[in-house]
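Q: Below are the structure tokens for one structure; questions will follow.
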Amino acid sequence: MSSPHSALLAPSLLAGDHANLAASARLVEDLGVKWLHLDLMDGHFVPNLTFGPETLAALRRAGSKLFFDTHLMLAEPQRYIEAFAKAGSNLISIHIEPAYDHRATLARIRALGCQCGIVLNPGTPAAALEPLLDAVDLVLVMTVQPGFGGQPFRRDMLPKLQQIDAWRRERRLNFRLEVDGGIDLTNAIECHAAGADTFVAGTSFFKAGDKSAFTAAFAKL
Ligand code: DX5
Ligand code: ZN
């Protein structure tokens, strides 16, 4: 448990009301939560579709001041960085698995005024992103195969978190370590102990009866 950051909850809008995403975002903001996780899917990198940059821009126009934590599950993320930066993203995370210039794309995200993150699928070893650790504001470890909400948390990702957290400590780096997929209060405690500090919660957040208590519990991790 050595994260330099305090625990932070990022509710995923994927589990919100797609007929009224602005209302779902407002519900998050009204609880005092600062981050909103936005999942972008292209039907290629993952077998599903969600929304696009215009949705983020519309949420901004509707008044959202949330920190837009943008998770691009795209085969060619480098083509869309500018559109998401313009649409109101605060942080843009790109996957390591597709072949493109990761380092240049991360630098481009920063040049556009956003923070940048790199994402690992469950089947991708931590070593794949090790050379990029000095170039990111956030590392996202997927704890499900991306594409759909509501899948079970993969406990076998905990050693990966521990490894990335160990590198962060050894190199005195300051990136956030985020987990995404099947996160609830119980497994968030395990992820936190393994070094995670940023917790995406879709289903568990939107299904929680008492969202205020749910949010408070995350803040106390
Ligand atoms: C999965 C997405 C997640 C998803 C998580 O592909 O990256 O952000 O919204 O949803 P839950 O919390 O329901 O697993
Ligand atoms: Zn996500």
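The values are calculated or read from the model by the stated rules, or taken from the named source; none is laboratory data. Please read all numbers here as calculations on a predicted model, not as lab measurements. FYI the Cβ positions are ideal-geometry reconstructions off the backbone, even for glycines, and counts take in every protein chain you see. The area values use the complete protein model at the heavy-atom level, side chains included, leaving out ligands, DNA and RNA. Shrake-Rupley method; radii C 1.70, N 1.55, O 1.52, S 1.80 Å.
Q: Would you pick out the residues in the stretch 163-188 that are within 16 Å of ligand 1 (Cβ to nearest atom) and not basic (K, R)?
A: Answer for the stretch 163-188, where residues must be within 16 Å of ligand 1 (Cβ to nearest atom) and not basic (K, R): L177, E178, V179, D180, G181, G182, I183, D184, L185, T186, N187, A188.
Q: Would you check if A58 is in contact with a Leu (Cβ under 6 Å, 6 or more places away or on another chain) and on the phi < 0 side of the Ramachandran plot?
A: no
Q: If a residue must be farther than 14 Å from F148 by Cα and in contact (Cβ under 8 Å) with a residue 40 or more places away in the chain, how many such residues does the stretch 38-62 contain? Walk me through how you get there before you give the answer.
A: Taking the stretch 38-62 and keeping what is farther than 14 Å from F148 by Cα, we get 52-62.
From the residues that got through so far, the ones that are in contact (Cβ under 8 Å) with a residue 40 or more places away in the chain too are 62.
Residues in the stretch 38-62 being farther than 14 Å from F148 by Cα and in contact (Cβ under 8 Å) with a residue 40 or more places away in the chain: 1 in total.
Q: Return the residues of the stretch 1-56 that are touching a helix residue (DSSP H, G or I) at 6+ places or on another chain (Cβ under 9 Å) and among the polar types (S, T, N, Q); say none if nothing qualifies.
A: S2, S3, S6, S12, S24, T50, T55
Q: Can you give me the number of residues within the stretch 140-186 that are farther than 15 Å from D197 by Cβ and open to solvent by 40 Å² or more (accessible area, probe 1.4 Å)?
A: 17
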